[in-house]
Every structure is written in C-alpha cells, then in structure tokens.
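FYI, it's all coordinate maths here, none of it is from the lab. Since we're looking at a predicted model, the values are computed, not measured. Don't worry about glycine lacking a Cβ; one is built from the backbone with ideal geometry, like all the others, and counts go over all protein chains shown.
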Amino acid sequence: MTIFNSVFTWFMKKRIHQIELFMKYPNEVQEEWFEQLISGAENTEWGKKYGYKSITHLAQFKARVPIQNYDTLKPYIERMLKGEQNVLWPSEIRWFAKSSGTTSDRSKYIPVSEEALEECHFKGGKDLLTIYFNNQPNSKMFTGKILTLGGSYQVSQLSADTSFGDLSAVLMKNLPLWAELHRTPHMDIALLENFEEKIEKMARATKDVNVTSLSGVPTWNILLFKRILEITGKKNLLEVWPNLEMYFHGAVNFTPYREQFKKLIPKDDMYYLENYNASEGFFGIQDTREHGEMLLMLDYGIFYEFLPLEDIHKENPDTLTLDEVVLDKNYALIISTNAGLWRYMIGDTVRFTSLSPFRIQVTGRTKHFINAFGEEVIIDNAERALDEACQQTGAIIRDYTAAPIYFNGDDCGAHEWIIEFEKKPAEFERFVDLLDETLRRINSDYDAKRFKDMALRRPIIRRAPEGTFFNWMKEKGKLGGQHKVPRLANDREYVDSILKMMELVG
C-alpha cells in the first residue's frame, strides 16, 4: 500500500499540473484535439466521405459535417456491431456501451474505442481520485475498498468479436489490475444481469468489507444501502462501514437525494464528488468542495461545440466554441470524440457557471422538458423548485416525474406531477404552493402562463405509494445500471403509464 501511495502521489502531482495547463489555455488545448481527431480519422470511411484530409480549420468542418444524432449514425454503428472496422474511427472497436437514456424500448449502442477507454473514461476515473486527494491530502481511502454498483454486460449476437453492456460494466470488464484490487464486490456479482439478485448478493458480500468509498447512480445505491441495513440490523451505514469517507456520484442530479444520503450516512465531513461520465464520454468533474458545478475536462480526446437551446430546431444551426459561450445560458452539448462520434448531439443541456476556468452544470435533456403552453420548464427548474418545497416542508423525495395536462373544454392546462416521497411534507398543500411559487420565481415563461390561471392552473401532484417507480422501471426491464426515471416529458406517455399502474395496485 505504501508503494502504491508513493506512485499515486507522484502521478497526482504531475496530473494536477496538466489540469492547471488546460484550465489556463483551454482554447489552445481544444484546437490541438480538433486537429488530432480530424487527422486521425482522415482515412476512415467517414473521413473520406467528408474530406477530412483537406480540412484545415473548424469552419470547414462545420460546413461539411452536419450535426448528428444516434439515428443518423445508426447505419454505421450497426455495421461496426457486426465487426466492420475503420468505419467511424481508425482503431479496432470491440466494445459498445448500451444506453437508453430513458425508459423507451429503443437502445443505443455507443462505440467505445481503446483510446476512449484509456484517454477518456479511465483518465477521468484517475482524475476523480487525483482531484479528491489533492483536496483531501489526509484521505485514507486506499486503506479499504470502493464499492461500485454498476450494470451488466453480454456478448453481442451480431459478432463474436463485439461485446456490449452498460457503460459501468464495460469499464469494469476492462479495469487495470490496480483498480480491480481496490474494488468490491467480486466481478461475478458486480456484473449480474438480474438486478434484484445483484442487490441481494452485493449486500451480503460487502457488509463485512472495509468499504471506504462508494460509486454509482444514487437511485440504485439507496436500494442497496437499505438492504444492507435490513440484513445487518444497523441504523446507518457508518455502523456498517466506520471508515466511509467518500461518494462518487453522477448520471442524475444529486439534490433530490441529498437528504436521504444524510440520513443513511450521518457524517458532517462525508465528501460527495460529482462527475459527468456518459456512455459517449467523460466530460466533467467537481473540482471544489462546493457542489453544483463541474470542471469541463478538455484533454480527454473530445472536441466540444455548444448549440444555444433556442436554435436547436433550426435546419442548419450555428454552434459555438468555448471562446464564444456566455454564462447562465442553456446549450445543447455537441461532441466529436476519439471513438468516432462526429458532431454528435448527446441529448444533454448544460450551462456555464464559470468561464475561467470553464465549469458547467447539467441542466437537463434536449427531449426532457415541458413546453406544452410556452412555459419552457426544464429539469433544472423542476429540481430547484422541488428542493425549495422540500426544505420548507421537511419532505424528502425518492422519485418523481411530471407531464402536462392539456386544455379540455373550458379548463386551462396544468402540470401533473407524480411524486414518491421518502418522507411526506408536513403540510402537503403548502408543498404544492411552494413548488408553484418557486417555478414562477425562477422561470418567467412559466410565471406568464400562470398569470390569473389563463393558460396554466396550479400544479396537480399525485402521491405515489412506496415502490411505485421501482416497480414501473422493473416492468420496463430498466432496473439498475445507467437507467434513469424520466423526470419531465412534453407528452403523457410516462405519466399515464405510471398512473395506470397506481390504479391497478390501488
């Protein structure tokens, strides 16, 4: 352990210097990566199609290559799944991260090259530790294990040479030895496909391990922690793992889960570190103790463009580079990567909280919002309003979703929320009013539509019985891994499906 710590300390100091360099020279670092990506892919099928050999500056790239989404890249990816190489990226690609993003039936298979594994995902994982230890030099994390709750993987039937699974499973299957030695539980449990079986076996396998840090999506981790407490009869996780000091989290906004974690881990100096690691790439790491923003990582083999959200439906929208973005404006994130995703709109929206260095917040999804009446409510609005309502009424939320109720005869519209409470609000009607009032305060479009109930009336909140969202996700075959409950929708598909389940149970 002493030798490992010495090696890691040396690496950490070297890496912190490199991070400081891209913080100081962000545009230069991005320009270098743009040139490397273009020259690296010039002899691929895609590179030949768009004349990468003759591209000398960004304006040419933007003029030649349209903004892509999964549907436009799908024909190329399907061929890669069958084993074809040198299609989108020159190096051999054998791994694909299976991602749905929502509970829809359609799955996406995101190519993961060797470069993406090493220079992006694993580099991001090492940087998480580097930044943490730089901020917490007296950490004893390496005296114990990191508990990782991830997904599952399987060998693709399209080709014996290609495999796919949740991103977390792809990463675990390719972990370097040093990382595997510090992780728990054993791989045969960690990659189980049956989520409920996995939770049970993980709980029993890790309850007596010296766990010092945790990693995973908050929703599913809470289920695991509660099962461990049931088995052990302990009141909180510190009674199970007294040396616990850190939780690495991402994939969803942590704010709705913060109070639940405080109850599970009643420790004032428990460190929570957010990261932004998607199937398409590793983008951001929280580099300060203050939660709510992440440093945009600029040297991971990714070139960034930012599309103003109001231009997203234009036929040929103009994108911005880092030197053109402004604070507190929502942008759709567009990436070109060392796995062959070219001008790919990943579906997330971000806003910049700092321009020196570049720090971001994830504000929602390009398809997950409510704008049935021109109110333009995004996930960030919803979670700020819920947080305010919870703080004022003592409530704790386990899960939620919301959708519009459209005009019906003389009735104006409304937003219908389904909320599963961990702890119910002391005054439910006040909770509803606080949610509504906060949305009006932070979103002028919503406030305008609520004026005298002309377009929108007071929100309708349905209280879901315990286990509703878990059972709904289970019914959809979307338990565990990277799967997330869709928070907002501009149609009623999710809400009506959950309400129907609630009626059947009730």
Residues of the stretch 282-297 with amide N under 15 Å of a point placed 7 Å along Cα→Cβ from residue 353: 284-297
Reachable aspartates and glutamates from residue 13, criterion Cα separation under 19 angstrom, eight or more residues apart if same chain: 119, 127, 287, 299
Net charge, residue 12 excluded, C-beta distance under 12 Å - Lys, Arg +1, Asp, Glu -1: +3
Top positive-direction residue, dipole computed over the chain with Cβ charges, set 495, 443, 205: 205
Residue order, fewest to most beta carbons within 10 Å, for 170, 505, 495: 505, 495, 170
Order of 113, 54 under a 10 Å beta carbon neighbour criterion, fewest first: 54, 113
Cα centroid separation, the stretch 229-287 to the stretch 303-321 (Å): 34
Positive minus negative residues near residue 463 (Lys, Arg vs Asp, Glu; Cβ under 13 Å): -2
Two-site FRET efficiency, residue 315 against residue 238, from Cβ-Cβ distance with R₀ of 51 Å, rounded to 0.05: 0.35
Calculated [θ] (222 nm, deg cm²/dmol) that DSSP helices of n ≥ 4 give over the chain, each run adding -39,500 (n - 2.57): -11000 deg cm²/dmol
Candidate aspartates and glutamates - alpha carbon under 15 Å from residue 98, same-chain residues fewer than 8 apart omitted: 71, 78, 166, 193, 280
Fewest-first sequence of 23, 297, 187 by Cβ atoms within 10 Å of each Cβ: 187, 23, 297
Relative contact order (%) - criterion: Cα under 8 Å, at least six apart; region: the stretch 1-365: 17
For the chain, share of DSSP beta bridges that run antiparallel, in % to the nearest 5: 65
Calculated P(r) tail over 21 Å for the stretch 319-474, as whole % of Cα pairs: 55
Summed residue charge, Cβ within 11 Å of residue 483's Cβ, Lys/Arg positive, Asp/Glu negative: +4
Span from the the stretch 13-29 Cα centroid across to the the stretch 433-476 one, whole angstrom: 42
Difference of contour (0.36 nm per residue) and Cα-Cα distance, residue 444 to residue 204: 81.4 nm
Spin-label pair residue 460/residue 177, simplified geometry with 7 Å Cα→Cβ offset, distance in nm: 6.2
Net charge dipole size for the chain [Lys, Arg +1 and Asp, Glu -1 on Cβ; Debye, nearest 20]: 1080
Length gained when the stretch residue 45-residue 476 is fully extended (0.36 nm per residue, less Cα-Cα span): 151.5 nm
Cubic angstrom per residue, convex hull over Cα atoms of the chain: 156
Potential extension, residue 411-residue 326 segment - 0.36 nm per residue separation minus Cα distance: 26.6 nm
Computed E for residue 53/residue 289 - FRET, C-beta separation, R0 45 angstrom, nearest 0.05: 0.45
